[in-house]
Amino acid sequence: MGAIFGPRPLSRTEREVLEEILALEFPGSPELREQISFVEVVGKWGENSASIDLRVQGGVAPAPSAFSGIVPVEATVYDGYGELFGEILVWVASGYLSGIEYAWYGDSPPTSLPAKGSIVVELGTGK
């Protein structure tokens, strides 16, 4: 877990990224989509990191079998020139959304999540 701070609601971009990735159908995706409205951000992975820790509040149901790990969606990020820039990984712990990781390829780490128009999503095997 990264730096802890007072919980805050998801930003518009954070919500859009989750909605885009969780729009694909895979086991547990309906329950994870329902959790989005109950998610708060509870930490960042580093001072200038775009990756965040999440916590689900309320009586929302966990994903089936309380699975943990990365959702089975490949979310590839491209820059404004169509060049591969990175990928977004959505983490689940015990059936609940627990993090958004922005893994980048290159020297300069991103300080914010990309706009949903920069992300190409397809079902994958998870990592």
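Tabulated data for the structure shown
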quantity: Stretch gain in nm, segment Glu40-Asp107, where the contour uses 0.36 nm per residue and the Cα spacing is subtracted; calculated: 21.2 nm
quantity: Three semi-axes of the equivalent ellipsoid, the chain, Cα gyration tensor, whole Å, largest first; calculated: 22, 18, 12
quantity: In segment 1-65, GluC sites (Glu not before Pro) in a DSSP loop with at most 15 other beta-carbon atoms within 10 Å; calculated: Glu25, Glu47
quantity: Potential extension, Ser94-Arg8 segment - 0.36 nm per residue separation minus Cα distance; calculated: 28.8 nm
quantity: Low-density loop positions, GluC sites (Glu not before Pro), segment 72-127 - DSSP coil, at most 10 other Cβ in 10 Å; calculated: Glu83
quantity: Two-site label geometry, Asp79 and Arg55: point separation in nm, points 7 Å out along Cα→Cβ; calculated: 3.7 nm
quantity: Tyr96 long-range amide H proximity, modeled H, under 5 Å; calculated: Ala63
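Each value in this text was obtained by applying a stated rule to the coordinates, not by laboratory testing. Note that this is a predicted model, so its numbers are computed, not measured. No Cβ is skipped: glycine too gets one built from the backbone with ideal geometry, and neighbour counts run over all protein chains shown.
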